[in-house]
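Chemist: Please see the structure below; I have some questions.
The values are calculated or read from the model by the stated rules, or taken from the named source; none is laboratory data. Keep in mind it's a predicted model, so treat the numbers as computed, not measured. Backbone-built Cβ (ideal geometry, glycine too); neighbour counts: all protein chains shown.
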Amino acid sequence: MAALTVREHLGVTGPLSSAELLRGLPSVEPYDRYSRRLTDIVTRTPHQPLPDKAAERALIDRECADLAAEHPELASHVALARAVIPSIPQVVTGRLAALELYFGGEVDELLSRIYAGNAVADHYNTMVAHVTENYVHSRVTEQPDRPVRVLEVGAGTGGTTGPVLERLTGLGRRVQYTFTDISSSYFRQARRRFASTDVSVEFTAFDLEQDPAEQNVGLGSYDLVIASNVVHATENIESATVRLRQLLVDGGLLLLNEITSNLDYPFLLFGMIPSWWACRDAERLPGTPLLAPDRWQRVLERGGFADSWVHAHDNGVPSEDDQSVIVARAPGAEASEPPAVPAPGRAAVQPAPAADPSAGQNPAGADAALRGRLREVVAAFLAVPEDAVGEETSFTALGVDSLGAIQLVRELETDFGKLPKVLLYEAGTVAALARELAGLAPEACARIAREATPLEAAARVTAGSAPVERARSGGEGASRDRVAIVGMAVRLPGARTTGGLWRNLLAGTDHMTEIPLDRWDWRPLAGDPHREEGRTNSKWGAFVDGVTEFDAEFFGISPREAEAMDPQQRLMLQTAWHAVEDAGHAPSSLHGSDTAVFVGATSHDYTAHLARVGRYREPYAVNGNAKTVLANRISFELGLHGPSEAVDTACSSSLTALHRAVRAVEDGECSGAIVGGVHLLLTADMYVALGQMGALSPDGKCRPFDRAANGFSRGEGAIAVYLKPLSHALADGDTVHALVRGSGVNHGGRSQSLPVPNPAAQASLISRVLRRSETDPRTIGYVEAHGTGTEVGDPIEMRGLRTAFAEHTEDAGRPTEAWCAVGSIKSNMGHLEAAAGLAGVAKAVLALRHRVIPPSINFRHVNPLLELEGSPFRIADHRQDWPHPTDRHGAALPRRAAVSAMGFGGSNAHVILEEYPDHAPRPASTAAAARNELFVLSARSRERLAVAARSLADHLDADTTATAAEVAHTLRSGREEMEWRLAVIADGLPQLVTALRRHLAEEAADGVFTGRALGGGTAAAAAEDLHGLARQWVAGQTVLETAPRPEQRVSLPGYPFAPDSFWAVTAEDDDGPVRREVGTSTDGSENEEIRELTALLDALSRGELTVEDVDLRLVRNEGMNS
């Protein structure tokens, strides 16, 4: 960018020479040194100019956008670069004042974002705040009779001040904080920003270039002086440190936060600011006012400081540390090491004592030595004393954020070699980290044990916690009668059928759209959630069509009740019905059976909607919105007596529901099970909350496994599967879509934080499922990952998979060739949250059936933290045929897929699926059948019957895997018999399709019979008299199968429910519509009744109250209020 700017200014199209640049940019003071450094950067850039400047500018714009997308923490730096670099010629030649460029308008705002509000700045500001907190608390304890005095030099926009004062909250008048800057223009904004803090804050101008004795500060009166990115901007660095020492009491602390590397980007971003070139001493890095960490320490020593320690981020380049937090202590007789003083870092590490060969022989001593070393490293990294690092204290509690977790691993690699970058997410304490490292780097751990002295090892054994043994449970073997998936139905973005879903997956369709205005208007909520409360940065989602549609009359539900029902209940009920029909069974055939229902769900958006429109107190609102009724209503409508449970484990809900169902079937608790997952996006509240958390992708792209992953996007839908024992399925002639070979659930336990997944727990779960199901990981060809598309979450999941697979293969610790593809349906339709697990199951089942792995989209460059190299895994970034695995003798084995889901509360679920090769789809003959077949259809109305006929014709045109006999058998034995009827006699499926289309066009067609069922009974015509059977069928009689049929039941379109619309609108009273906002009464005051009702519904959803309890309380309240 800088090179193009200079070339455009000079009118040069080719590469620039140093002479051309210096001649064409005659610099004014103080930019002589700037021009020389700029010349060096521009002339050594490897980028070759493009002939077309517009094309080169477009290329640079794309690269900037990619950089900001791939590294959100650098987005502010990229924006600043694009704002100031084009002005280089004007500033260097004196035609534009740098202060006008940087401190006016847009650039001033961008500068403030550099120093706070991005992950890099926040990380180091938080570190400064953490050290300050520890030190101040120790001072308050040691000297309770006087306040601790803190002075911040060059506080500017308050990027460091904010985190520091937040850490000091609660100390009140025991701390006196002095906010200084060379310019008092910052004070007005700072006074407003920090007015609410309970710490006493004073504001005064202070110039570090001038004698402190002549300014409004007290010499030798401050316990702590903080300076962030300011001390380097002085003429003589040693003189500046002398002045800082003059401000401190004896034994006081200086805390510096400085860029300490000679990289090009700080120069290009800040080099035009005049103070950058104020320096006149010889301590600086070439061409900059910056100092390397070791030079800082030497300068501080000459400036009068007794000790100093450095915490730096290792950028991988020897002797170059990107940024450092430097702590220096003033000498003093009472300056014993205070609790908040940092432990020595890498720059101050002392030689280890001579090794005692016996130290490594005692396992307890070796473990203690390792934990001791880890405490040293962690303490140095956090700039806290070693005593502050407890072996069982979580890294989160110690102040390690997500950026710090990765950086700390890089620090550990100095001792232990290459490590997984997400290691701290599975080993969240020093003790857990020691156990992990003992397995990952045994030689390094042994060396550390040998280098420790016996005295140190003994002391650590006494003081530290005891080692924790990892128990391993024995395998239970595979289930003798597998659980089969025999029916499946979906209602997903862009797909009302599994066939539609499969076509979309193969096409790599991205279903993300702007939030439809018929849901809510997203525009008033759009904004920066990091700066504004009540705002979200996402206007995107993947939505199902017809969310208000429901055939209430079909289920005998009144319009009033249907309006009060959560659309999730309506959608789940119809999808469950279709799942049973997809298995080739009439739902009424399950009546009276012990079939179970398990439904995963979390959302309760419709409850808020009912409150908003004043319909929250209707009796139907209770059953209509209780989460448990999502499952219970299906059991009620179908007359089922098995377990009926709603499952809420957040984003793993539906996969956990599948596991519960599998266990219930295996244990004989039920003879089959309907499993569902449903999630609808009906209000904006969760969008705002997730936006405030920083969880959502601002551009709506869900990018699993990609280095540009920037959060997830939300989606919605419903999925249902019908399970039976394999033996029952085969006896009933069902088509087996897939087998559930193994399943399991667990929780992550105490990890980095509640929403952060624990890779060790995930690995443990996957390993247990592999072991119990006796599955060799090498036979798993595809993993449908949770894969939400977050920078750290995806690597954590991959870490768990690698660990589990390695445990069950011979490749543990050794590189291997990738054999398993990994993908995520979230790339197509976002995160379906409670329904996400079953959405992944649907994709995996279809992939097994079709023997093709569809592409996981929005993937360009792999996230380097995944560490895929040498692992069994590759990203499924393109459509690929799925060959079957083989055993060591070359014999074919069934294809297998795994599906994972993780809840944000720590609940994990994992399922292994297996194809059933005997029921794989196969091309069917289109030749005429050996005999005519009778095909029957029925519906509740003439219109629905026409839709059913059209759906069947369309399906048979697209799917040629079934035979005419199978279709006839499924229609006659696997569908409800309803009032409006159609029968067709044909000798093949093409003939059936032709007859249906002629009938729909109201053309005469041979073998087509229509009628309305007015009577009942069983058809009396002989089995071979198809015309007689057809006439009796359309008149209302039942056609029975006269003998067992060998045909398989096949997947055919489900009942075409009427798309009637039901949506609760404003309640009406005698005076007309009563419009009320949520939480207000008619006079606008806060409505206690709404809160009480919401609490009752929440208690009902959690199972703390029964429906009868809620009804009784509502009746009592109504009586009291009447």
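Chemist: (1) surrounded by fewer than 23 Cβ atoms within 10 Å (Cβ to Cβ); (2) in a loop (DSSP other than H, G, I, E, B): which one isn't true of residue 636, the others all being true?
Modeler: (2)
Chemist: Which condition from (1) among the hydroxyl-bearing types (Ser, Thr, Tyr); (2) under 30 Å from residue 434 (Cβ atoms); (3) at pLDDT 95 or above is the one that residue 790 breaks?
Modeler: (3)
Chemist: For residue 574, indicate whether it is assigned to a helix (DSSP H, G or I), out of contact with any Pro (no Cβ under 7 Å at 6 or more places or on another chain) and under 19 Å from residue 1065 (Cβ atoms).
Modeler: So residue 574 fails the test.
Chemist: Residues in the stretch 354-376: is at least one modelled with pLDDT of 75 or more, in a loop (DSSP other than H, G, I, E, B), closer than 26 Å to residue 749 by Cβ and of a type outside the set (Gly, Ala, Ser)?
Modeler: For the stretch 354-376, residues modelled with pLDDT of 75 or more, in a loop (DSSP other than H, G, I, E, B), closer than 26 Å to residue 749 by Cβ and of a type outside the set (Gly, Ala, Ser): absent.
Chemist: In addition: Among the residues of the stretch 425-446, which ones are modelled with pLDDT under 85 and among the hydroxyl-bearing types (Ser, Thr, Tyr)?
Modeler: Matches in the stretch 425-446: 425 only.
Chemist: Considering every residue within the stretch 203-217, establish whether at least one is of a type in the set (Ser, Thr, Tyr), over 22 Å from residue 121 (Cα atoms) and either surrounded by fewer than 14 Cβ atoms within 10 Å (Cβ to Cβ) or touching a residue at least 40 places away in the same chain (Cβ under 8 Å) (or both).
Modeler: No, the stretch 203-217 has no match at all.
Chemist: Could you tell me whether the stretch 834-845 includes any residue that is within 30 Å of residue 989 (Cβ to Cβ), in contact with a helix residue (DSSP H, G or I) (Cβ under 7 Å, 6 or more places away or on another chain) and not β-branched (Val, Ile, Thr)?
Modeler: Yes.
Chemist: For the condition among the aliphatic types (A, V, I, L, M) and in contact with a Cys (Cβ under 8 Å, 6 or more places away or on another chain), what is the one hit in 596, 601?
Modeler: 596
Chemist: Same structure again: With (1) hydroxyl-bearing (Ser, Thr, Tyr); (2) within 26 Å of residue 121 (Cα to Cα); (3) at pLDDT 90 or above as the list, and residue 185 as the residue in question, which single condition is left unmet?
Modeler: Checking residue 185 against (1) hydroxyl-bearing (Ser, Thr, Tyr); (2) within 26 Å of residue 121 (Cα to Cα); (3) at pLDDT 90 or above, the one that fails is (3).
Chemist: For the stretch 797-809, does any single residue satisfy the condition of being modelled with pLDDT of 90 or more, in the same structural domain as residue 603 (by TED's automatic domain parsing), in contact with a Lys or Arg (Cβ under 7 Å, 6 or more places away or on another chain) and over 23 Å from residue 716 (Cα atoms)?
Modeler: No, there is no match, as no residue in the stretch 797-809 is modelled with pLDDT of 90 or more, in the same structural domain as residue 603 (by TED's automatic domain parsing), in contact with a Lys or Arg (Cβ under 7 Å, 6 or more places away or on another chain) and over 23 Å from residue 716 (Cα atoms).
Chemist: Could you list all residues from the stretch 147-165 that are in contact (Cβ under 8 Å) with a residue 40 or more places away in the chain and not in a loop (DSSP other than H, G, I, E, B)?
Modeler: 148, 149, 150, 151, 152, 153, 162, 163, 164
Chemist: Sticking with this one: Which residue is nearest to the chain's Cα centre (by Cα), if the candidates are limited to the stretch 506-545 and must be among the basic types (Lys, Arg) and farther than 19 Å from residue 701 by Cβ?
Modeler: In this case the residue turns out to be 535.
Chemist: Looking at the stretch 671-707 only, could you name the residues that are in a helix (DSSP H, G or I) and within 12 Å of the chain's Cα centre (by Cα)?
Modeler: 690, 693
Chemist: Same structure again: Which residues, taken from the stretch 214-246, are in contact with a Leu (Cβ under 6 Å, 6 or more places away or on another chain) and over 24 Å from residue 284 (Cα atoms)?
Modeler: 222, 224
Chemist: Another question, if that's okay. Kindly indicate which of 80, 111, 96, 22 is at pLDDT below 80, closer than 30 Å to residue 189 by Cα, touching a helix residue (DSSP H, G or I) at 6+ places or on another chain (Cβ under 7 Å) and assigned to a helix (DSSP H, G or I).
Modeler: Going through 80, 111, 96, 22 in turn, just one is at pLDDT below 80, closer than 30 Å to residue 189 by Cα, touching a helix residue (DSSP H, G or I) at 6+ places or on another chain (Cβ under 7 Å) and assigned to a helix (DSSP H, G or I): 111.
Chemist: If you go through the stretch 679-728, how many residues are buried (at least 21 other Cβ atoms within 10 Å of the Cβ), polar (S, T, N, Q) and in contact with an Asp or Glu (Cβ under 8 Å, 6 or more places away or on another chain)?
Modeler: Residues that pass the stated criteria total 1.
Chemist: Also, I was wondering about something else. Tell me, yes or no, whether the stretch 650-668 has at least one residue that is assigned to a strand (DSSP E or B) and touching a residue at least 12 places away in the same chain (Cβ under 8 Å).
Modeler: Within the stretch 650-668, one or more residues are assigned to a strand (DSSP E or B) and touching a residue at least 12 places away in the same chain (Cβ under 8 Å).
Chemist: Checking residue 262 against (1) within 27 Å of residue 386 (Cα to Cα); (2) touching a Gly at 6+ places or on another chain (Cβ under 9 Å); (3) not β-branched (Val, Ile, Thr), which test does it fail?
Modeler: Looking at each condition in turn, residue 262 falls short on (1).
Chemist: Considering the stretch 34-55 alone, what residues qualify as being at pLDDT 75 or above and either over 14 Å from residue 21 (Cβ atoms) or exposed (fewer than 13 other Cβ atoms within 10 Å of the Cβ) (or both)?
Modeler: 54, 55
Chemist: Next question. Is it true that some residue in the stretch 813-823 is of a type in the set (Val, Ile, Thr), modelled with pLDDT of 95 or more and closer than 30 Å to residue 646 by Cβ?
Modeler: no
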